[in-house]
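Heads up, the thing below is written out as C-alpha coordinates.
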Amino acid sequence: MEKVGVLEIIQLAERVEVCAEKFYIKMADQADSLIVGKVFRIIAAQEKKHQQTYAELLRQTGEELRRDPREIFAQPAKSLGIEEILNRFHPDLKARLEKFTRCEDRAESLLFGGASSALEAVELAIVFEETSIELYRELQKHVTIHSKSRVEIIINEEKRHLRDFISLKAKILKTTAHHGR
(Lines give C-alpha, C1' and ligand atoms only; values in the text may rest on other atoms or scores of the structure.)
Protein backbone atom coordinates (compact mmCIF):
# COMPACT_ATOMS: atom_id res chain seq x y z
CA MET A 1 0.00 0.00 0.00
CA GLU A 2 1.23 3.48 -0.82
CA LYS A 3 2.31 5.61 2.12
CA VAL A 4 2.15 9.27 3.08
CA GLY A 5 4.56 11.13 5.34
CA VAL A 6 3.46 11.95 8.86
CA LEU A 7 4.88 15.50 8.62
CA GLU A 8 2.50 16.17 5.75
CA ILE A 9 -0.46 14.98 7.83
CA ILE A 10 0.53 17.13 10.81
CA GLN A 11 0.92 20.15 8.51
CA LEU A 12 -2.51 19.42 7.04
CA ALA A 13 -4.02 19.19 10.53
CA GLU A 14 -2.50 22.54 11.47
CA ARG A 15 -3.77 24.13 8.22
CA VAL A 16 -7.27 22.74 8.74
CA GLU A 17 -7.35 24.22 12.25
CA VAL A 18 -6.26 27.65 10.96
CA CYS A 19 -9.05 27.58 8.39
CA ALA A 20 -11.54 26.36 10.97
CA GLU A 21 -10.66 29.22 13.31
CA LYS A 22 -11.09 31.76 10.49
CA PHE A 23 -14.39 30.17 9.50
CA TYR A 24 -15.82 30.25 13.02
CA ILE A 25 -14.72 33.84 13.56
CA LYS A 26 -16.39 34.81 10.28
CA MET A 27 -19.53 32.93 11.32
CA ALA A 28 -19.45 34.72 14.69
CA ASP A 29 -19.22 38.07 12.91
CA GLN A 30 -22.16 37.14 10.66
CA ALA A 31 -24.32 35.70 13.45
CA ASP A 32 -27.78 37.14 13.88
CA SER A 33 -27.75 36.76 17.64
CA LEU A 34 -25.23 37.40 20.39
CA ILE A 35 -25.49 33.85 21.75
CA VAL A 36 -24.77 32.29 18.34
CA GLY A 37 -21.82 34.64 17.90
CA LYS A 38 -20.56 33.72 21.37
CA VAL A 39 -20.79 29.99 20.62
CA PHE A 40 -18.84 30.44 17.39
CA ARG A 41 -16.15 32.42 19.23
CA ILE A 42 -15.85 29.64 21.83
CA ILE A 43 -15.44 27.14 19.00
CA ALA A 44 -12.86 29.39 17.28
CA ALA A 45 -10.85 29.51 20.52
CA GLN A 46 -10.88 25.70 20.63
CA GLU A 47 -9.52 25.60 17.07
CA LYS A 48 -6.74 27.99 18.09
CA LYS A 49 -5.74 25.58 20.88
CA HIS A 50 -5.61 22.75 18.34
CA GLN A 51 -3.30 24.83 16.14
CA GLN A 52 -0.91 25.19 19.05
CA THR A 53 -1.05 21.46 19.82
CA TYR A 54 -0.32 20.53 16.21
CA ALA A 55 2.43 23.15 15.89
CA GLU A 56 4.12 21.58 18.92
CA LEU A 57 3.69 18.07 17.48
CA LEU A 58 5.17 19.28 14.19
CA ARG A 59 8.10 20.89 16.04
CA GLN A 60 8.81 17.72 18.04
CA THR A 61 8.61 15.48 14.98
CA GLY A 62 10.81 17.87 12.98
CA GLU A 63 13.43 17.90 15.75
CA GLU A 64 13.51 14.10 15.74
CA LEU A 65 14.07 14.15 11.98
CA ARG A 66 16.89 16.73 12.27
CA ARG A 67 18.64 14.63 14.92
CA ASP A 68 18.49 11.55 12.72
CA PRO A 69 17.36 11.89 9.09
CA ARG A 70 16.75 8.15 9.03
CA GLU A 71 14.28 8.60 11.88
CA ILE A 72 11.39 6.16 11.71
CA PHE A 73 8.90 8.99 11.20
CA ALA A 74 10.58 10.08 7.95
CA GLN A 75 8.76 10.33 4.67
CA PRO A 76 8.46 6.80 3.27
CA ALA A 77 10.52 5.99 0.17
CA LYS A 78 7.40 5.26 -1.86
CA SER A 79 5.19 8.19 -0.96
CA LEU A 80 2.18 9.53 -2.83
CA GLY A 81 1.24 12.46 -0.66
CA ILE A 82 -2.14 13.24 0.87
CA GLU A 83 -3.78 14.56 -2.29
CA GLU A 84 -2.88 11.51 -4.36
CA ILE A 85 -3.92 9.10 -1.57
CA LEU A 86 -7.29 10.84 -1.37
CA ASN A 87 -7.66 10.94 -5.17
CA ARG A 88 -7.08 7.19 -5.40
CA PHE A 89 -8.81 5.87 -2.33
CA HIS A 90 -11.15 8.50 -0.88
CA PRO A 91 -12.45 11.00 -3.46
CA ASP A 92 -15.45 11.88 -1.27
CA LEU A 93 -13.15 12.83 1.61
CA LYS A 94 -10.96 14.81 -0.78
CA ALA A 95 -13.94 16.94 -1.82
CA ARG A 96 -14.83 17.64 1.81
CA LEU A 97 -11.21 18.40 2.67
CA GLU A 98 -11.01 20.95 -0.13
CA LYS A 99 -14.02 22.76 1.34
CA PHE A 100 -12.45 22.70 4.80
CA THR A 101 -9.11 24.10 3.67
CA ARG A 102 -10.35 26.92 1.44
CA CYS A 103 -10.42 29.47 4.26
CA GLU A 104 -11.69 32.36 2.20
CA ASP A 105 -14.65 30.42 0.78
CA ARG A 106 -15.53 28.40 3.80
CA ALA A 107 -18.21 30.60 5.37
CA GLU A 108 -20.12 30.66 2.09
CA SER A 109 -19.71 26.94 1.50
CA LEU A 110 -22.87 24.99 0.83
CA LEU A 111 -21.55 22.39 3.23
CA PHE A 112 -21.87 24.79 6.11
CA GLY A 113 -24.46 27.31 4.99
CA GLY A 114 -25.05 29.22 8.16
CA ALA A 115 -26.43 28.86 11.64
CA SER A 116 -29.47 30.64 12.96
CA SER A 117 -29.16 29.29 16.50
CA ALA A 118 -26.51 28.29 18.99
CA LEU A 119 -27.60 24.69 18.53
CA GLU A 120 -27.05 24.87 14.75
CA ALA A 121 -23.64 26.49 15.31
CA VAL A 122 -22.53 23.61 17.52
CA GLU A 123 -24.01 21.07 15.11
CA LEU A 124 -21.86 22.56 12.32
CA ALA A 125 -18.80 22.15 14.51
CA ILE A 126 -19.77 18.54 15.27
CA VAL A 127 -20.05 17.72 11.55
CA PHE A 128 -16.64 19.29 10.95
CA GLU A 129 -15.02 17.31 13.79
CA GLU A 130 -16.61 14.03 12.70
CA THR A 131 -15.34 14.56 9.16
CA SER A 132 -11.87 15.44 10.46
CA ILE A 133 -11.73 12.24 12.51
CA GLU A 134 -12.81 10.24 9.47
CA LEU A 135 -10.12 11.94 7.34
CA TYR A 136 -7.30 11.30 9.81
CA ARG A 137 -8.43 7.68 10.35
CA GLU A 138 -8.23 7.10 6.60
CA LEU A 139 -4.85 8.82 6.30
CA GLN A 140 -3.55 6.82 9.25
CA LYS A 141 -3.95 3.70 7.11
CA HIS A 142 -1.34 5.15 4.73
CA VAL A 143 1.49 6.05 7.11
CA THR A 144 4.38 3.92 8.22
CA ILE A 145 3.72 1.71 11.23
CA HIS A 146 5.87 3.95 13.45
CA SER A 147 4.01 7.09 12.39
CA LYS A 148 0.59 5.77 13.35
CA SER A 149 1.02 6.99 16.93
CA ARG A 150 1.59 10.56 15.72
CA VAL A 151 -1.61 10.48 13.68
CA GLU A 152 -3.38 8.94 16.67
CA ILE A 153 -2.48 12.06 18.68
CA ILE A 154 -4.30 14.16 16.07
CA ILE A 155 -7.30 11.81 16.08
CA ASN A 156 -7.49 11.91 19.87
CA GLU A 157 -7.38 15.71 19.86
CA GLU A 158 -10.24 15.79 17.37
CA LYS A 159 -12.21 13.26 19.44
CA ARG A 160 -11.71 15.38 22.55
CA HIS A 161 -12.86 18.42 20.62
CA LEU A 162 -15.90 16.45 19.39
CA ARG A 163 -16.78 15.44 22.97
CA ASP A 164 -16.55 19.10 24.02
CA PHE A 165 -18.97 20.09 21.28
CA ILE A 166 -21.37 17.26 22.10
CA SER A 167 -21.29 18.41 25.72
CA LEU A 168 -21.92 21.99 24.63
CA LYS A 169 -24.83 20.80 22.48
CA ALA A 170 -26.32 18.96 25.49
CA LYS A 171 -26.03 22.12 27.58
CA ILE A 172 -27.74 24.16 24.88
CA LEU A 173 -30.53 21.57 24.59
CA LYS A 174 -30.95 21.50 28.36
CA THR A 175 -31.09 25.30 28.53
CA THR A 176 -33.55 25.43 25.63
CA ALA A 177 -35.77 22.77 27.24
CA HIS A 178 -35.62 24.59 30.59
CA HIS A 179 -36.62 27.92 29.02
CA GLY A 180 -39.32 26.23 26.96
CA ARG A 181 -41.24 25.20 30.09
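The values are calculated or read from the model by the stated rules, or taken from the named source; none is laboratory data. Keep in mind that this is a model prediction, so the values were computed, not measured. Here the Cβ positions follow ideal geometry from the backbone for every residue, glycine too, while neighbour counts run over all protein chains shown.
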Cross-chain or 6+ apart pairs with Cβ under 7 Å, region 125-140 first and under 15 Å from Leu168 (Cα atoms), then surrounded by 18 or more Cβ atoms within 10 Å (Cβ to Cβ) and β-branched (Val, Ile, Thr): Ala125/Ile43
Any hit, region 116-131, residues being surrounded by fewer than 19 Cβ atoms within 10 Å (Cβ to Cβ), more than 19 Å from Tyr24 (Cα to Cα) and at pLDDT 85 or above: no
Residue within region 51-67 that is on the phi > 0 side of the Ramachandran plot, of a type outside the set (Asp, Glu) and at pLDDT below 70 present: no
Conditions (1) modelled with pLDDT of 80 or more; (2) of a type in the set (Ser, Thr, Tyr); (3) under 22 Å from Glu8 (Cβ atoms); number of the one not met by Thr144: (1)
